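Read through the structure below, which is laid out as structure tokens, and then see the notes.
Each reported figure results from applying straightforward, stated rules to the coordinates on display, with no laboratory input. Quick caveat: nothing in here was measured; it's all calculated off a predicted structure. Positions of Cβ are backbone-derived with ideal geometry, glycine not excepted, and every protein chain shown enters the neighbour counts.
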Amino acid sequence: MSCLLVDPDQSGQLDWALNLLRRNEPVGLPTETVYGLAARVASSSALARVFSLKARPHFDPLIMHVSSVEQARAWTLEMSDLQASLLDQFWPGPLTLLLKRNVQRIPDLCTAGSDWVAVRSPAHPIFRKILLDLGEPLAAPSANRFGRVSPTRAVDVVSELGPFGLEAVVDGGACAWGVESTIIAVEESLQCVRILRPGALALEKLQDFLGSSWKFEKAWERQHEASSVLMPGTLESHYAPRTPLLFLDSEEVLATILSEGTTQKILLSPYGEEHMDPRWLPLFRKKWQQVFILSREGRDTEAAAGLFRTLRECDLASCEQIVALKMPEAGLGCAVNDRLRRAGR
Ligand code: TXA
Ligand code: MG
């Protein structure tokens, strides 16, 4: 059976996709971050299909996508005023918050047995329409095989999951942000926000909203330590292209690369020559098989938007290695670096 690309503007096609979801079949859906593989949270069998299509281990929990703060409240327990104010501020959008799970409604499979459920309300109009028509939450991990590069275009989902039996993907165009949502847990008594995964909502925006009395713990940087909450993407390799990738984040690594002779390698740079730190400039004088630049001016949003698509293009160029340069750690630079670092493991 082949995977159908659903045109949301063709009459009846979106309803057909909606009926697949109602029958507990997963469907590829666009969000403003990356494409998701959506299925009814309420149905353990629908969730099981998601895990098997992605070849995802059952210990890795799924994000619950809701239409509103009210729906989030109905499927979780004990949302505080502060949590509600964060959601009012940043939803719909790329913020995922850990809330206490309502075990009466959310199956174990969704949270890998945890008492905490990750919740977000996506901004993409197609995903929102489907959530509203359905009237219940959808689980939606990124629509890629486990550990691989997240898809940011409908055709990427078709080629990624079509061969494994996915029936349909709704085409909502290219994703605006291009990296996944920011995942946080709030510890109010400590006035602390733990960032479990840096993502499309920049840390600075959370800091501006909460004010200077709050601490921000970059939990994703110390994920090897034991933790009560499972850290996203703790597994060694994640967001990985098929081609080996070297994350270039120190002058030591730079020296090694510069000392090598001519090779069939690709340089992946977040910015163009005119906008980069002079220390890295010798890199551009090296002979590469190909050079990909994510944003000539080094703009973080542009670099993030094109990141996963470019990693897929690098794979198509079939080279020996991708050498990816680090971005400044500001705005979405944190998320871009995190994805590249993990792609290199
Ligand atoms: O932007 C996004 O968040 C996209 C789109 C499709 O909405 N979704 C997404 O889902 O990135 P996924 O499954 O690819 O990544 C979710 C991450 C996983 O690494 C998982 O371990 C973590 O969130 N996660 C989910 N539920 C969790 C929980 N209860 N506690 C801790 N981490 C959780
Ligand atoms: Mg993912």
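Among the candidates 307, 316, 325, 311, which residue alone is loosely packed, with under 14 Cβ neighbours inside 10 Å, under 23 Å from the mean Cα position of the chain (by Cα) and either closer than 23 Å to residue 200 by Cα or of a type outside the set (S, T, N, Q) (or both)?
Sole residue among the options that is loosely packed, with under 14 Cβ neighbours inside 10 Å, under 23 Å from the mean Cα position of the chain (by Cα) and either closer than 23 Å to residue 200 by Cα or of a type outside the set (S, T, N, Q) (or both): 316.
Just a yes or no: is a residue in the stretch 278-287 in contact with a helix residue (DSSP H, G or I) (Cβ under 8 Å, 6 or more places away or on another chain), free of Cβ contacts under 8 Å to residues at least 40 places away in the same chain and surrounded by 13 or more Cβ atoms within 10 Å (Cβ to Cβ)?
Yes; the residues of the stretch 278-287 include at least one that is in contact with a helix residue (DSSP H, G or I) (Cβ under 8 Å, 6 or more places away or on another chain), free of Cβ contacts under 8 Å to residues at least 40 places away in the same chain and surrounded by 13 or more Cβ atoms within 10 Å (Cβ to Cβ).
If I filter the stretch 48-55 for residues that are assigned to a helix (DSSP H, G or I), within 16 Å of ligand 2 (Cβ to nearest atom) and of a type in the set (Lys, Arg), do I get at least one hit?
Taking every residue of the stretch 48-55 in turn, at least one turns out to be assigned to a helix (DSSP H, G or I), within 16 Å of ligand 2 (Cβ to nearest atom) and of a type in the set (Lys, Arg).
Tell me, please, whether a residue that is assigned to a helix (DSSP H, G or I) and either under 20 Å from the mean Cα position of the chain (by Cα) or at negative phi (or both) can be found in the stretch 57-68.
No, that holds for no residue.
Okay, residues lined up against (1) within 16 Å of ligand 2 (Cβ to nearest atom); (2) assigned to a loop (DSSP other than H, G, I, E, B); (3) of a type outside the set (Asp, Glu); (4) in contact with a His (Cβ under 8 Å, 6 or more places away or on another chain):
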{"site": "243", "(1), (2), (3), (4)": "no, yes, yes, no"}
{"site": "252", "(1), (2), (3), (4)": "no, no, no, no"}
{"site": "297", "(1), (2), (3), (4)": "no, yes, no, yes"}
{"site": "301", "(1), (2), (3), (4)": "no, no, yes, no"}
{"site": "304", "(1), (2), (3), (4)": "yes, no, yes, no"}
{"site": "313", "(1), (2), (3), (4)": "no, no, no, no"}
{"site": "322", "(1), (2), (3), (4)": "no, no, yes, no"}
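Does residue 123 meet the test of being hydrophobic (A, V, I, L, M, F, W, C), in contact (Cβ under 8 Å) with a residue 40 or more places away in the chain and part of a strand (DSSP E or B)?
Answer is no for this residue.
Matching residues to (1) under 21 Å from residue 188 (Cα atoms); (2) more than 16 Å from ligand 2 (Cβ to nearest atom); (3) touching a strand residue (DSSP E or B) at 6+ places or on another chain (Cβ under 8 Å):
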site: 82; (1), (2), (3): yes, yes, yes
site: 92; (1), (2), (3): no, yes, no
site: 100; (1), (2), (3): yes, yes, yes
site: 110; (1), (2), (3): no, no, yes
site: 131; (1), (2), (3): no, yes, yes
site: 135; (1), (2), (3): no, yes, no
site: 143; (1), (2), (3): no, no, yes
site: 154; (1), (2), (3): no, yes, yes
site: 166; (1), (2), (3): no, no, yes
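Find the residue count for the stretch 168-184, including only residues that are assigned to a strand (DSSP E or B), away from ligand 2 (no atom under 13 Å from the Cβ) and within 17 Å of the chain's Cα centre (by Cα).
The number of residues fulfilling the criteria is 2.
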